[in-house]
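Notes for the one structure printed next.
The values are calculated or read from the model by the stated rules, or taken from the named source; none is laboratory data. Quantities reported herein were computed from a predicted structural model and do not represent experimental measurements. Virtual Cβ from ideal backbone geometry, glycine too; neighbours counted across all protein chains shown. Just so you know, the surface numbers come from the protein's heavy atoms only, side chains and all, with ligands and any DNA or RNA stripped out. Shrake-Rupley method; radii C 1.70, N 1.55, O 1.52, S 1.80 Å.
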Amino acid sequence: MLGLMQDHPLLISSVLEHALCSHPQVEIASRLQDGTVHHCTYADIGQRAKQLANALTNLGVQPGERIGTLAWNGYRHMEMFYGVSGMGAVLHTINPRLFAEQIEFIANHAEDQYLFFDLSFAALIEQLAPRLTTVKAFVALAERSQMPPIVVPNLLCYEDLIGDEPETFAWPCLDERVAASLCYTSGTTGNPKGVLYSHRSTLLHSMATCTPDGFNLSSADTALLVVPMFHVNAWGMPYAAAMCGARLVLPGADLDGASLYDLMQRERVTLALGVPTVWMTLQQHVQNAGLMPTADLCLNRVVMGGAAAPRSLVETFETRFDARVLQAWGMTEMSPLGTVCNALPKHRDASLDERIDLQAKQGRVLFGVRIKIVDADGAELPRDGKASGHLRVKGPWIASQYYRGEGGDLLDEQGWLMTGDIATIDPDGYMQITDRVKDVIKSGGEWISSIDLENAACGHPAVAEAAVIGVPHPKWQERPLLVVVLKQGMLATRDELLGFLQSRVAKWWLPDAVAFVEALPYTATGKVQKMKLREQFRDYRL
Ligand code: ADP
């Protein structure tokens, strides 16, 4: 017997319509290229998204066709999130930090029909245009007076394109399973692979994000999205914020510590989301400039995800910013959210130290995501907080395969996605990542967690950033090498650092050597590029 409830598809257009009804006057603040802050409302975004949908229809865009963007976080990009997906096309956000060849590959692979770009990428567009085989026109996200002097076939102006279009649009009643957006993983090996999200997966994911054990997002929040809209749709925040009427702050291209601090202060940001490296930069700015975040800001929560948040960073935000750190874990293949680290009632009386220990974990799953750890043969391991194994996940906002069948099987025989992460799960359900499979250090048949070592090293007052890689060893197969960037004007010797680590990690984990470098190599999404580091230290002999 079927239930007798109304059947409405879960569509991105319905999120916008809800925002237009419930909180049309809530603001979206965007920092523009000239440094000024532009303010508009969900009502404005809605109206312009409909104008865009009309314009795309006039251009002949068909359901399912891909529309590319090369853009920072800003209101026009937000309009595209709703206008493009709402009318049935697929929003393809491209990471502009990738190499030009990778962008070319991605846009051609996705067969993007139109490519919308921020002015800061005008030169890149000019360089790429002749090689983008499917793009019919390039649209500058700008007014007519700002059009860049580039030579590109079919260059259009966004404001001209939407300016004369009607402010109403009848959103199509799509099947909720049709594609809404497309993101490519940065692909540390091989070509980038596309993850194709549906309307349904996007809405379910965003609803879970809003829950109290997720980001606890509500109309009380002003959320700063430092995480780029091209990085897994800014972790779903443009949808989640519209669902609950949170105010949004979109920082544009300036993501340095001073710019972010200024924006947080001016716009009274309560919740900020980004990768740990961004928060490290902000922390250093606060320290160097002698700022008083507790007096200047009203930051309540900071979400750190995309890479492990070092304990020392968590501590700084808890103590110097008086903000609660929510570590979050996920993947592009997971829309991206899988776990968030929130405390349980039993932690209410925990000391600061105990709380920070907890927050250094990746957290507990949201309803919708299932996780398990397995051994090399695929047998499930106990949730005792000790056994570590290959992490596998399942759920309605997790990819079943890559776009156009690239990259082989994502799932095991039972339909679980193989994450490539190694983790423990404790009896309370807290998951902790110890490593990527390809980064673990195999020493004498045992595994050493590079993340734990990095975490410990970052606790040293002179260390700005740390990465640990395995280097060949004649007896132990591999031994850890600690690669360190020191804080400006600070000094530390190898022996000091190893002495510091001695009381913090198992003796046999202690790195055999320390290398001091000016900077660590990072991926386009803020992860240390271990492969590059291993290459750099390929000939290193212990
Ligand atoms: P990319 O950003 O390189 O395209 P993803 O964002 O999909 O790729 O990266 C997912 C991976 O990032 C995870 O499998 C995990 O290894 C790592 N990761 C994400 N969040 C965390 C976290 N909080 N702690 C540790 N590792 C994390």
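Quick look at the values:
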| item | result |
| --- | --- |
| Qualifying position, being within 16 Å of the ligand (Cβ to nearest atom) and of a type in the set (A, V, I, L, M, F, W, C), among 519, 492, 524, 506 | 524 |
| Single unsatisfied condition, residue 288 versus (1) within 16 Å of the ligand (Cβ to nearest atom); (2) in a helix (DSSP H, G or I); (3) touching a residue at least 60 places away in the same chain (Cβ under 8 Å) | (1) |
| Looking only at the range 392-431, and only at residues there that are out of contact with any Gly (no Cβ under 8 Å at 6 or more places or on another chain) and part of a strand (DSSP E or B), the one that is most open to solvent (accessible area, probe 1.4 Å) | 418 |
| Condition check for residue 218: surrounded by fewer than 24 Cβ atoms within 10 Å (Cβ to Cβ) and part of a loop (DSSP other than H, G, I, E, B) | yes |
| Unique residue being free of Cβ contacts under 8 Å to residues at least 60 places away in the same chain, assigned to a strand (DSSP E or B) and closer than 30 Å to residue 38 by Cβ when the list is 142, 223, 180 | 223 |
| Residue list for the range 469-488, filter: closer than 16 Å to residue 280 by Cβ and out of contact with any helix residue (DSSP H, G or I) (no Cβ under 9 Å at 6 or more places or on another chain) | 485, 486 |
| Which listed residue, of 229, 264, is surrounded by 21 or more Cβ atoms within 10 Å (Cβ to Cβ) and farther than 20 Å from residue 76 by Cβ | 264 |
| Tally of residues being more than 13 Å from residue 116 (Cα to Cα) and either of a type in the set (Phe, Trp, Tyr) or surrounded by 16 or more Cβ atoms within 10 Å (Cβ to Cβ) (or both) across the range 133-146 | 1 |
| Residues of the range 296-338 classified as within 19 Å of residue 454 (Cβ to Cβ), in a strand (DSSP E or B) and near the ligand (Cβ under 8 Å from one of its atoms), total | 5 |
| Selection status of residue 253, in contact with a strand residue (DSSP E or B) (Cβ under 6 Å, 6 or more places away or on another chain), away from the ligand (no atom under 16 Å from the Cβ) and aliphatic (A, V, I, L, M) | no |
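Here's the yes/no breakdown for (1) within 16 Å of the ligand (Cβ to nearest atom); (2) open to solvent by less than 70 Å² (accessible area, probe 1.4 Å):
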position: 150; (1), (2): no, yes
position: 154; (1), (2): no, no
position: 158; (1), (2): no, yes
position: 177; (1), (2): no, no
position: 190; (1), (2): yes, yes
position: 205; (1), (2): yes, yes
position: 212; (1), (2): no, no
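Residue-by-condition table, conditions (1) over 19 Å from residue 216 (Cβ atoms); (2) under 19 Å from the mean Cα position of the chain (by Cα); (3) open to solvent by less than 30 Å² (accessible area, probe 1.4 Å); (4) at pLDDT below 95:
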{"position": "247", "(1), (2), (3), (4)": "no, no, no, no"}
{"position": "260", "(1), (2), (3), (4)": "yes, yes, yes, no"}
{"position": "268", "(1), (2), (3), (4)": "no, no, no, no"}
{"position": "273", "(1), (2), (3), (4)": "no, yes, yes, no"}
{"position": "286", "(1), (2), (3), (4)": "yes, no, yes, no"}
{"position": "290", "(1), (2), (3), (4)": "yes, no, no, no"}
